[in-house]
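Notes for the one structure printed next.
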Amino acid sequence: MKIVECKKVCKSFDKTDVLFDIDLSINVGEVVVVVGPSGSGKSTLLRCINVLEKITSGDLIVDGKSVIDPKTDIRHIRQEAGMVFQQFNLFPQLTALENVAFGPRKVRKLSKKDAHELAMDLLTKVGLAERAGHYPSQLSGGQQQRVAIARALAVKPKLMLFDEPTSALDPELKGEVLSVMRSLAEEGMTMIVVSHEMNFALNVGNRLIFMDEGRIIHDGSPRDLYDNPPTERLRDFLRNIQ
Amino acid sequence: MDFQFQFVLTTLPQLMQGVKLTIYITVYGLLGGIGLGMITGLALAYKIPILNLTGAVYVWIIRGTPIVVQAMFVYFALPLAMGVRMSGLQAAVLVLAINAGAYIAEIVRGAVLSINKGLVDAGLALGLSRIQVTAFVVGPLSFRRMIPPLGNQFIIGLKDTSLFIVIGVGELTRQGQEIMASSFRALEVWTAVALIYLVLTTVLALSLRWLERRMKIL
Ligand SMILES: Nc1ncnc2c1ncn2[C@@H]1O[C@H](COP(=O)(O)OP(=O)(O)OP(=O)(O)O)[C@@H](O)[C@H]1O
Ligand SMILES: [Mg+2]
């Protein structure tokens, strides 16, 4: 069953063209890792999927709803596609628990008590139950990112989008975030992960997409693409990120 | 030098009349200014059509002209131009509101624009509406950032009420002026008036400091 379907999606900002004719479909349960040089349009693709950016042409269907159909409630798509950002973007005036409870309270209209219970379960799941009362400024980067994952999960999305979730973290903190993501994948969550963590792509991902200059150049099994890069471009890219 | 403390005591009742008016103008003027400034500042920050443009013109005119001239204009010129007549006190409140509103608009605009775009994205990505993001994310955060510059503006507003002496409002400075005209005791009068202003601004500054401390500035 398809959860994301891009049909000839193009995106430009003013005069700069960022995505060209992207055709891509993603099935429920897939873990898709997206790599590509800086500026190749990876973040833009994710942002188009949860409609933080409007596509310029083509069609994009998320959970059966087209982003260009005026009858679609954009907020519905956003609730189904959770997003985790490179810079965490936790709400600084709220504690970890309140950050996680925020979506359920405002969007799913849960009572404060139910939302806090749900939030506590999710914080436990990401290993941060004892940090529930801390403010983001009192948490390490890795802890903040795990709270951010819990916050996105709290609205019960069907799909999770990760935009370089570990690239703002020191090497010793990347592992704790990646292992949370790994267990999420093992539970069957559909995930699109922009990340240059090749170990994650090889061990957890079941699809690797290589983007360059706004186009999808390769789309295949991580192992095959990694072991035998079909083009010079991908080979150079993989060598550079080592 | 001969400072007659006794004389100061006898003037206190009249000075307190002035203090009452000064506080009245400050409170109502600043409340009006907050309302005007919020609307204008949000219109500027969110580029709301039409309001955005009128807001920019408003801020431009008010920041570009002295408050004394604004008071003279409202009190003396408006009645001639449009037949709007109001008491000195009404004019004072109105002018302070309009004047403070322009500066507060800039404070609001700056605070709203200083909020990290990523937080707005995070709110939207959770499925909140734009209005919810403004109310629950941008609002509370920018409010905290507004407190220090707003406090500064409140103190300026309080002191600016002394300029309404030019339209004959019996606020504190005006009362000082009148006492001096009949007693010629400049030293006592202006020392007392200055000290009273200092007390008022200090109380205001301390309460704002307290509020600031209660709300961690993020
Ligand atoms: N809001 C915007 N306005 C104008 N141009 C933009 C905007 N967002 C992105 N771009 C441009 O789109 C192109 C692709 O950006 P994008 O952020 O999607 O790349 P990326 O692959 O995620 O890169 P990185 O690895 O550096 O994060 C870049 O050239 C960027 O300058
Ligand atoms: Mg990016």
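The values are calculated or read from the model by the stated rules, or taken from the named source; none is laboratory data. All values derive from a computational prediction rather than experimental measurement. In this analysis, Cβ positions are derived from the backbone assuming ideal geometry, glycine residues included, and neighbour counts consider all displayed protein chains. For accessibility, only protein heavy atoms count, side chains too; no ligands or nucleic acids. Shrake-Rupley method; radii C 1.70, N 1.55, O 1.52, S 1.80 Å.
If you check A:Val31, A:Val51 for being modelled with pLDDT of 95 or more, away from ligand 2 (no atom under 16 Å from the Cβ) and within 14 Å of chain B (Cβ to nearest Cβ), only one passes: A:Val51. In this structure, A:Val84 qualifies as touching a Phe, Trp or Tyr at 6+ places or on another chain (Cβ under 6 Å) and not basic (Lys, Arg). Checked against the criterion of being open to solvent by 20 Å² or more (accessible area, probe 1.4 Å), out of contact with any strand residue (DSSP E or B) (no Cβ under 9 Å at 6 or more places or on another chain) and within 30 Å of A:Asp23 (Cβ to Cβ), the candidates A:Pro92, A:Pro70 yield just one match: A:Pro70. Looking at (1) in contact (Cβ under 8 Å) with a residue 12 or more places away in the chain; (2) open to solvent by 20 Å² or more (accessible area, probe 1.4 Å), find the lone condition where A:Arg105 falls short. Looking at each condition in turn, A:Arg105 falls short on (1). For the stretch A:157-173, name all the residues that are modelled with pLDDT of 95 or more, away from ligand 1 (no atom under 16 Å from the Cβ) and open to solvent by 10 Å² or more (accessible area, probe 1.4 Å). Matches in the stretch A:157-173: A:Pro157, A:Lys158. There is no residue in the stretch B:146-153 that is under 30 Å from A:Pro157 (Cβ atoms), without any contact (Cβ under 8 Å) to a residue 24 or more places away in the chain and part of a helix (DSSP H, G or I).
Looking only at residues of the stretch A:200-222 that are within 11 Å of A:Val32 (Cα to Cα) and within 13 Å of ligand 1 (Cβ to nearest atom), we find that the one that is nearest to the other protein chains (Cβ to nearest Cβ) is A:Ile209.
Within the stretch A:117-134, residues that are modelled with pLDDT of 95 or more have Cβ atoms under 6 Å from residues that are outside any helix (DSSP H, G or I) in these pairs: A:Leu122/A:Ala154; A:Leu123/A:Ala132; A:Gly133/A:Thr95, counting only partners at least 6 apart in sequence or on another chain. Checked against the criteria, A:Leu45 counts as within 14 Å of the chain's Cα centre (by Cα), assigned to a helix (DSSP H, G or I) and away from chain B (no Cβ under 13 Å). Here is a list: A:Ser43, A:Ser12. Which entry is within 14 Å of ligand 1 (Cβ to nearest atom) and buried (at least 18 other Cβ atoms within 10 Å of the Cβ)? Of the residues listed, the single one that is within 14 Å of ligand 1 (Cβ to nearest atom) and buried (at least 18 other Cβ atoms within 10 Å of the Cβ) is A:Ser43.
Under the condition of being more than 16 Å from ligand 2 (Cβ to nearest atom) and among the hydroxyl-bearing types (Ser, Thr, Tyr), which residue from the stretch A:194-231 is farthest from the chain's Cα centre (by Cα)? That would be A:Thr231.
Just one of the listed residues (A:Ile209, A:Ile149, A:Ile192) is farther than 30 Å from A:Asp21 by Cα and among the β-branched types (Val, Ile, Thr), namely A:Ile149. When B:Ser114 is tested against the conditions (1) surrounded by fewer than 18 Cβ atoms within 10 Å (Cβ to Cβ); (2) away from chain A (no Cβ under 14 Å), the lone failure is (2). Can you find a residue in the stretch A:20-28 that is closer than 23 Å to A:Ile241 by Cβ, open to solvent by less than 50 Å² (accessible area, probe 1.4 Å) and within 9 Å of ligand 1 (Cβ to nearest atom)? Checking the stretch A:20-28: not a single residue is closer than 23 Å to A:Ile241 by Cβ, open to solvent by less than 50 Å² (accessible area, probe 1.4 Å) and within 9 Å of ligand 1 (Cβ to nearest atom). Residues that are open to solvent by less than 50 Å² (accessible area, probe 1.4 Å) number at least 3 in the following helices (runs of 4 or more DSSP H) confined to the stretch B:1-100: B:5-45, B:51-63, B:67-72.
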